[in-house]
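Taking it in order: structure first as structure tokens, then the write-up.
The values are calculated or read from the model by the stated rules, or taken from the named source; none is laboratory data. Given the structure is predicted, the values throughout are model-derived calculations rather than measurements. Backbone-built Cβ (ideal geometry, glycine too); neighbour counts: all protein chains shown. Surface areas here come from the heavy atoms of the whole protein model, side chains and all, with no ligands, DNA or RNA. Shrake-Rupley method; radii C 1.70, N 1.55, O 1.52, S 1.80 Å.
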Amino acid sequence: KSGSQMGFLLLWCTTQPTPTLANERDSPRPNILLMTVDNLGYGDLQIYNPKSKIKTPNLAKLASRGARLTQFYTASPTCTVSRACLLTGRIAQRHGLINQLPGLEGNYGVGLNHSEILLPEILKSAGYRTGCFGKWNIGFAKGSRPTERGFDEFLGHASGNIDYYRHVYNGKHDVYQGTAGKPVTE
């Protein structure tokens, strides 16, 4: 639909052995898949509302095999702030990113303070491999990119308003993969 945009952030973690932790493991750890989606209500998906007309069979299959959050609080009505809260585990007033990042300057600026410890950093220290796929939207300056903030892999965009056909935000190509700041070309 034109004019309709949905951004998402997908965190993927797996316990594939690493050389330093392979011998230390006594029991396998669970894989973690954490998804956050903008502009989607609690009852919009059939896994939470069987009467919904939105069909998501793959999400339903994932949900049937794991834990589903049935009561969840979003710390902010804006995507920048809610993502920062989710990744830090702190309310906005504690991590300091209290407003939506505006325009190219904001989206490609520092964004979330570099002193904040993010969830992927904690998971990596516990032996997990991590990936981030989708909308980042918490700063994309050097040192702020997902692969510089604890993620092993990244495929997504820096801003919150990408054109999903041309992958452009405010005149700037905005799809990146892998190492920090490497643009994806078609």
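Rounded to whole Å and ordered largest first, report the semi-axes of the equivalent ellipsoid of the stretch 38-85 derived from its Cα gyration tensor (root of 5λ).
Numbers: eigenvalues 99, 34, 18 Å².
Values for the stretch 38-85, descending: 22, 13, 10 Å.
If you restrict to DSSP beta bridges whose two residues both lie in the stretch 36-186, what percentage is antiparallel, to the nearest 5?
Taking every DSSP beta bridge within the stretch 36-186, about 50 percent pair in antiparallel fashion.
Compute, for the stretch 93-186, the length of the dipole vector about the Cα centre, with Cβ point charges of +1 (Lys, Arg) and -1 (Asp, Glu) only. Units Debye, rounded to 20. Let's see the in-between values first.
On the way: 10 positive and 9 negative charges, 18 e Å.
Rounded to the nearest 20 debye, it is 80 debye.
Going toward the positive end of the dipole of the stretch 62-186, with +1 on Lys and Arg Cβ and -1 on Asp and Glu Cβ, which of 165, 66, 123 do you reach last?
In the stretch 62-186, that residue is 66.
Give 142/172; 61/135; 61/172 a once-over and call out the pairs whose C-alpha atoms are over 28 Å from each other.
61/172
For the stretch 23-73, state which trypsin sites (Lys or Arg not before Pro) are in a DSSP loop and have at most 14 other beta carbons lying within 10 Å of their beta carbon.
Within the stretch 23-73, the qualifying trypsin sites (Lys or Arg not before Pro) (loop, at most 14 other Cβ atoms within 10 Å) are 25, 51, 53, 55, 68.
Over the stretch 66-123, what is the relative contact order in whole percent, taking alpha-carbon pairs under 8 Å and six or more residues apart?
30
On the protein heavy atoms, probe 1.4 angstrom, tell me the percent of accessible surface of the stretch 28-90 carried by carbon and sulfur.
Summing carbon and sulfur atoms, their accessible area is 55 percent of the total for the stretch 28-90.
So with the 1.4 Å probe, I'd like the accessible area per residue for the stretch 29-149, rounded to whole Å².
59
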